[in-house]
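Okay, structure first, notes after.
What follows is calculated from the coordinates using simple rules that are stated; it is not laboratory data. Note that the structure is a prediction, hence the values are computed from the model and not measured. Glycine also receives a Cβ, built like all others from the backbone with ideal geometry; neighbour counts cover every protein chain displayed.
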């Protein structure tokens, strides 16, 4: 009788361990949070089960701090797209420089042409 109970408990533990490992793999692929509470909920086990089985907790921490899995569903990066980003940034910078400096006024003087007061101090005029 005792042997049958031990065998049943061991089988239950192995089933739970398998569910936890599957939950870690699924959460990693889906990009969901890899926390003890989230994995325990997904695997339908108690959090204390993870803390009693240190190898599962170590696997969870390793998965949480490891590199993210590569997804093949995103857009492909091409040489043209890599060259377009700096070109667009340079063009935007040139447009802003024309906007600021093209008016003939110094940006520090504002649109009125007078020097601005610096940090709360008044500029006295004589």
| message | Test of understanding: ordering 65, 41 by Cβ neighbours within 10 Å, fewest first, what list do you get? | response | 65, 41
| Fraction in percent of alpha-carbon pairs per bin - 5 Å, region 7-65 | 4, 21, 34, 24, 10, 4, 2, 0
